[in-house]
Amino acid sequence: MRSVWKAFVLSRGIVGDRNGTLKVASPIYKQNFSLAAGQCLDDETVKIPTFTVRVAADRVQVAVS
């Protein structure tokens, strides 16, 4: 099991798609994550949290319930 560094490296990831699935690639671990579901596309045992977002009045709103 990897230790959690909380470095927020996905914020520096590369956004793209894999076979039509929008994804972000981790620049450190080289893993790809679905932007919609948070599921790692390279290791089914890994998943990141996702949040519902919307744009309203030119602002991005994130639901954090």
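So with the 1.4 Å probe, I'd like the accessible area per residue for the chain, rounded to whole Å². Walk me through the numbers on the way to the answer.
Numbers: 5610 Å² over 65 residues.
For the chain, the per-residue accessible area is 86 Å².
Charge dipole of the chain (Cα centre as origin; +1 on each Lys and Arg Cβ, -1 on each Asp and Glu Cβ, all else neutral): 180 debye, rounded to the nearest 20.
Between the listed residues Ala7, Thr52, Pro27, the Cα displaced farthest toward the positive end of the dipole of the chain, a dipole computed from Cβ unit charges relative to the Cα centre, is found at Ala7. Take 48-57, 7-16 and order them by the average number of nearby Cβ atoms within 10 Å per residue, most first; the result is 7-16, 48-57.
Evaluate E = 1/(1 + (r/R0)^6) for Tyr29 and Val64, where r is the Cβ-Cβ distance and R0 equals 30 Å; express this FRET efficiency to the nearest 0.05.
Using R0 = 30 Å, I get an efficiency of 0.75.
The values are calculated or read from the model by the stated rules, or taken from the named source; none is laboratory data. All values reported here derive from a predicted model rather than from experimental measurement. Cβ coordinates were reconstructed from backbone atoms using ideal geometry, including for glycine residues, and neighbour counts include every protein chain displayed. Keep in mind that these areas ignore ligands, DNA and RNA; they rest on the heavy atoms of the full protein, side chains included. Shrake-Rupley method; radii C 1.70, N 1.55, O 1.52, S 1.80 Å.
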